[in-house]
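Computed from the coordinates by the stated procedures, all read-outs in this text should not be read as laboratory data. Since we're looking at a predicted model, the values are computed, not measured. Cβ atoms come from the backbone with ideal geometry, glycine included; neighbour counts cover every protein chain shown.
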């Protein structure tokens, strides 16, 4: 009791009333000190009382791996902590020490007196002397926005123990947990949450969803557990073999395997945890998160639903379910989930990002930008902040605001996110520069992305884009080399491969290599699963065949393209050109009629139809088409076409 006596000796009369109120006097002081934690001296004294009763539990395995958490005394021989602090990792035997930050005393664990695995609570019986004891308050009396203090014991080095204090208001209350606007660190787990009277009204359980927040178990669940303790303690190792306790160990094992990217092992561990305790909400959440990583979003949503049904209605469960719905194209459902997450935790930046993504899916780009603005304002951690800038830039680029997008890409690059995200940011910034016609600057960014050696599909896309920029500069040979690289990478996306073949064929055709181009069009057509894209491949191959004088083959390809996509104007235009080459001007005019019907403001179609009409002697209608083409070409700013139209009209006068 020496430490507590020293604290009390330093306190004034007001503080003495607070600290000595472990018995009946505490109720007499309630009106005076309800908001006493706003007073620095009282805050310090409550914190010191919490420190005096809080201990560090350290577990260590034979292979020297270990972990630690907090606990606190509720009786001279009883320590409260979390089940997850004690559960270990299945298959490893741990030795335990309990250390006090304020006294050199170490305590010995005799066994477990009671536990509630579904609420993550355990009561240990210990041996030792000098412990301070905390009174248990009524968690049902906790008021929203009431300020509380969370006390934790953190390890510093191999021997030193340091207390960690976090203070903040309660921002959400449920029967299962309190959400506190205070930065609860991993070492806070199992530590007490104190009100202004020095009473335990909660037990820290984990960090919260939003940065600088945490969750606590209401103290009335602890009261129930204290009222139903065993007469004899259960040895710790025997208790750890109980199915619902082993479930915690398997979740920890799954977490470790997931960090090591052993996703099969992690899945097995989470499955085992759920088999051992089907009502273990945390296990369902962890498996759901892993399933999302693996792309199994429907199964992930099923796990999130179960976690919510079991009472784990944290904001992050709603936000992650929203992210999974986004992946499945259910953007409206994603917005609804993210709305709930933001209502529960208004400072939850990741929820704003997920909602912004959903709004983009609903073509609400301005709404998405507002959400990304809010996420950026909330100052996410580095990698997440870079993603927020990247996504805001994408939305701006989609609105045609490429200059503003480039500024956001600059911010994301400055943050130096992980390699793959950084490569994607360079790639996207290059796209914005290319859209502005700044192809040299775009190529420099594509170079940076390629140098980072991102994942295969991202690298293949980057080669494809760099090749496009080189093609725009007329550097077709260099472009073909990049298309070669993209194809040789054999990305998993078949559409990407098909597009690369088509683009390489275009570059070869531009160099006069029409036979080689046709081979690439053949490869792309065989690969591509999307009808509309395959139709474009047939049209491109038709143009290459026409350039080789094979107009009959070109017409056959155009016929195929039209059967696939009857509204593809380019197919009718290419077929019309092939028919003209074969002297079938009337047939060509019929096809140009369709092109003009599909694209009424297309100057080149009027020009070509006019020339075809000249070929059949219909001069008056030819002049009308050419004059229409001349009016339209002024809007398109196509100077070579304008010159051709004027020359053709001049020959007709």
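Annotations for the structure displayed:
- Dividing the mean sequence gap of close Cα pairs (under 8 Å, 6+ apart) by how many residues the chain holds gives a relative contact order of 6 percent.
- Listing 347, 457 from fewest to most neighbouring C-beta atoms within 10 Å gives 457, 347.
- Cα centroid of region 322-386 to Cα centroid of region 490-536, whole Å: 37
- At 1.567 mPa s and 4 °C, Stokes D of region 50-239 from Kirkwood alpha-carbon radius, µm² per second: 80
- Computed over region 206-320: relative contact order in percent, which uses C-alpha pairs under 8 Å that are six or more apart: 18
- Each part reduced to its alpha carbon centroid, region 592-629 and region 241-309 end up 66 Å apart.
- Among 514, 651, sorting on how many other beta-carbon atoms sit within 10 Å of each Cβ, with the fewest leading, yields 651, 514.
- Taking max minus min of the alpha-carbon positions on each principal axis, region 602-653 gives extents of 30, 19, 12 Å, largest first.
- In terms of overall dimensions, region 428-539 has a Cα radius of gyration and Dmax of 13.5, 36 angstrom.
- Taking all Cα pairs closer than 8 Å and separated by 6 or more residues, the relative contact order of region 569-653 comes to 23 percent.
- Once Rg and the Kirkwood radius are both taken over the C-alpha atoms of region 242-313, their ratio Rg/Rh works out to 0.95.
- Across region 354-479, the volume of the C-alpha convex hull divided among the residues equals 99 Å³ per residue.
- Dividing the helix sum by the residues of the chain, where each DSSP H run of 4 or more adds -39500 (n - 2.57), gives a mean residue ellipticity at 222 nm of -19000 deg cm²/dmol.
- Neighbour-count order for 482, 363, 522, 506, fewest beta carbons within 10 angstrom listed first: 363, 522, 506, 482
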